[in-house]
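The values are calculated or read from the model by the stated rules, or taken from the named source; none is laboratory data. This structure is a prediction, so every number in the text was calculated from the model and none was measured. All Cβ positions, glycine included, derive from the backbone under ideal geometry; neighbour counts span all protein chains shown. With ligands, DNA and RNA removed, areas are computed over all heavy atoms of the protein, side chains included. Shrake-Rupley method; radii C 1.70, N 1.55, O 1.52, S 1.80 Å.
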Amino acid sequence: MSLLAATIPGIAGAAAADDANPARHCAFDADTGQQRCFGTLAAAAASARSEAASTRDGEVVQGTLFDEENYGGDSFTIYGAGLCEKDGKVEYQIDLPDDWKDRVTSVQPWANCWIWLYPEPNLGGERDGPFKENTGYVGDLINDRTQSVGLS
């Protein structure tokens, strides 16, 4: 659990939304597919932390996706059963919900995970990545085109 707590402060620096158009921040359980959304990134992170504590030991934040450059705008925080292993395989696969398709612009990997972005569901199409560290802009190839995510 200390790893999870250590990763959350790193995402707290994302840009705040203006009052007229508040950002939406979602926490997504990679194992169950349950998504809960909040008005702030801190609330989404706290929810992920709380869900991890109340469900399965070892659950951690694995990555955060943002819809604007440099970790701004809305966020989609993925948490799951544990750290990613470096075994050459995608360990966690997520088809983004409809309200998150074609929106990803920046990413933050956590829990030893690398983020792979795909332009089609079920990890289809020409993937981009791996994004091994905080990336303020994913690049023209996949910007605003992601429909599924692989974590390895």
### Query
Cross-link partners among lysines for residue 101, C-alpha distance below 25 Å, same-chain residues fewer than 8 apart left out?
89, 132
### Message
Ranking request for peptides 95-103, 59-67, 72-80: highest mean number of other beta-carbon atoms within 10 Å first, then the rest in descending order.
### Response
59-67, 72-80, 95-103
### Summary
Classified through the alpha carbon gyration tensor (a ≥ b ≥ c as square roots of its eigenvalues; rounded if a/c is under 1.5, else prolate when a/b is larger than b/c, else oblate), segment 101-152 comes out oblate
### Task
Quick one: go through segment 98-125 and flag any residue whose amide nitrogen is under 17 Å from the point 7 Å out along the Cα-to-Cβ line of residue 134.
105-115
#### Entry: Protein accessible area in segment 101-152, 1.4 Å probe - carbon and sulfur %
40 percent
## Note on the structure
Ratio for segment 56-152, C-alpha Rg to 2.2 N^0.38 Å, reads 0.97
## Note on the structure
In order over segment 66-72: 3J(HN,Hα) from phi, Karplus 6.51/-1.76/1.60, θ = phi - 60°, whole Hz, x for each Gly or Pro, gives 10, 9, 10, 4, 6, 6, x
### Task
At a Cα cut-off below 20 Å, give the aspartates and glutamates reachable from residue 86, other chains included and same-chain residues fewer than 8 away excluded.
31, 59, 128, 133
